[in-house]
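The values are calculated or read from the model by the stated rules, or taken from the named source; none is laboratory data. Note that this is a predicted model, so its numbers are computed, not measured. For neighbour counting, all protein chains shown are included, and Cβ atoms are generated from backbone atoms with ideal geometry for every residue, glycine included. Just so you know, the surface numbers come from the protein's heavy atoms only, side chains and all, with ligands and any DNA or RNA stripped out. Shrake-Rupley method; radii C 1.70, N 1.55, O 1.52, S 1.80 Å.
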Amino acid sequence: VEGRYDIRTRITGDQVAVAISLTQNDTVVFTAAVHGDLEPATAGRALAAVARNPFPSQRVSALIRWHGVRLWLRRLPVVPRRRHVAPKGVA
């Protein structure tokens, strides 16, 4: 999505917070935020996180596609995107 993304982070002794906002034509059109407790990244915690949610990227991808199918079935028109041109110096 085109626009300017502003990302704000805050880390205190035991808390972390991240907020993202998308601005288009000088209007904020989307915001999202998440916060939580900081915990040490031990091998046990990492394995437990993977056991709880083994394929997070694939799950999100499948859910996005499922939502797209539902919108298509409701006859929402498909709007093609403009071709992406990488910024100079980026492959």
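Laid out as a table, the results:
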read-out	value
Portion, in percent, of the accessible area of the chain that falls on carbon or sulfur, probe 1.4 Å	60 percent
Label-point gap, in nm, between Arg74 and Ala33 - each point 7 angstrom along Cα→Cβ	2.8 nm
Relative compactness, the chain, computed as alpha-carbon Rg over 2.2 N^0.38 Å	1.51
Residue-averaged 222 nm ellipticity for the chain, from DSSP H runs of 4+ at -39500 (n - 2.57), nearest 500	-10000 deg cm²/dmol
Relative contact order computed over the chain (Cα-Cα under 8 Å; 6+ residues apart), in percent	16 percent
Positive-end residue, the chain charge dipole about Cα centroid, Cβ charges, pick of Leu71, Leu22, Ala51	Leu71
With Cα atoms, 0 to 90° folded angle of helix 56-73 axis to the chain main axis	30 degrees
Average accessible surface area per residue within the range 22-91, 1.4 Å rolling probe, Å²	100 Å²
